[in-house]
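These notes concern the structure reproduced below.
The values are calculated or read from the model by the stated rules, or taken from the named source; none is laboratory data. What you see is a predicted model; the values in this text were computed from it and never measured. As a convention, Cβ positions derive from the backbone with ideal geometry for all residues, glycine included, and neighbour counts pool all protein chains shown.
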Amino acid sequence: MVFNLLLVAVSALLAVQIRREWRFAQAREQAFLRKTLKLTPARPLTPFLKPSPLMASNYAGVAEKNLFSQDRNSNVIVDPPPPVQEKPVPAFPVARGVMLWDGVPPTVVLSEKSGGAQRGYHPGDTIGQWTIVSIDNQYVTFEWDGKQFQKRLDELLDKTLVASEAPAAAPAASAAPTNLTPPPAVQSLSPKAAGPGVDIGGNLRGCVAGDSSPPGTIVDGMKKVVSATPFGSVCRWESAQ
């Protein structure tokens, strides 16, 4: 009987719990049904765009990009232009000498070619295709085709004129044995006595009086250079470096 009573009590508790859950579900259903929803207007429909008519030219890229037919590409590859060859530099004028005096523009005596007519030129003058930019005691700067060239005076000298002056002392030496009279006493020029003279500036030195050594002689690191000018030959010693 105790067991039966216990079953009856459990059944009563279950019935109460089931009723409570049913009532809670009914209340929740009623609350959901009474709730009003906020209606949102629907978005307007976009009009349908009419497709453009088919054109064959719109599909030209399909044929041009065909990997199996390279000749369909209409782009013509043009060969690059040949490289521009630089013009050859014309021959430099031939120098005869340079004159530098205070108060007078520097003057260089030039001729267009060896043995040609010579005259004095100042900075800014033109000779042949060259324009003279500057002149000093060692260099002459020329301009041609927008480019400047600096040349040493000894590089511009007329080599044929210097070579003709070099053996000038040879006949006097060969004629000495035929003279029956005793030769006059002549002081021999040792390399030191026939070397460079006083310093004249610009790393140049003058020549000693009576110096008969040929042009091109090198003494104590100095080289003898003889230049021809309208006023005669000009002798100087410059660095042999």
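So here's what we get for this one:
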{"read-out": "Filter result for residue 191 (modelled with pLDDT under 85, in a helix (DSSP H, G or I) and either out of contact with any strand residue (DSSP E or B) (no Cβ under 8 Å at 6 or more places or on another chain) or not β-branched (Val, Ile, Thr) (or both))", "value": "no"}
{"read-out": "In the range 1-39, residue surrounded by the fewest Cβ atoms within 10 Å (Cβ to Cβ) [restricted to those that are among the basic types (Lys, Arg) and not in a loop (DSSP other than H, G, I, E, B)]", "value": "34"}
{"read-out": "Cβ-Cβ under 6 Å pairs, at least 6 apart or on other chains, the range 67-93 side at pLDDT 85 or above, far side in a loop (DSSP other than H, G, I, E, B)", "value": "90/129; 93/112"}
{"read-out": "So residue 62, is it in a helix (DSSP H, G or I), at pLDDT 75 or above and loosely packed, with under 10 Cβ neighbours inside 10 Å", "value": "yes"}
{"read-out": "Matching residues in the range 77-116 - criterion: being more than 18 Å from residue 127 (Cβ to Cβ) and polar (S, T, N, Q)", "value": "85"}
{"read-out": "Tabulated pairs, the range 127-155, first within 21 Å of residue 216 (Cα to Cα), second among the acidic types (Asp, Glu), C-beta under 8 angstrom, 6+ apart or interchain", "value": "138/238; 154/238"}
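So that you can scan it fast, the table gives a plain yes or no per residue for (1) of a type outside the set (Gly, Ala, Ser); (2) over 32 Å from the mean Cα position of the chain (by Cα); (3) closer than 19 Å to residue 151 by Cβ:
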| position | (1), (2), (3) |
| --- | --- |
| 84 | yes, no, no |
| 90 | yes, no, yes |
| 96 | yes, yes, yes |
| 102 | yes, yes, no |
| 113 | yes, yes, yes |
| 122 | yes, no, yes |
| 127 | yes, no, yes |
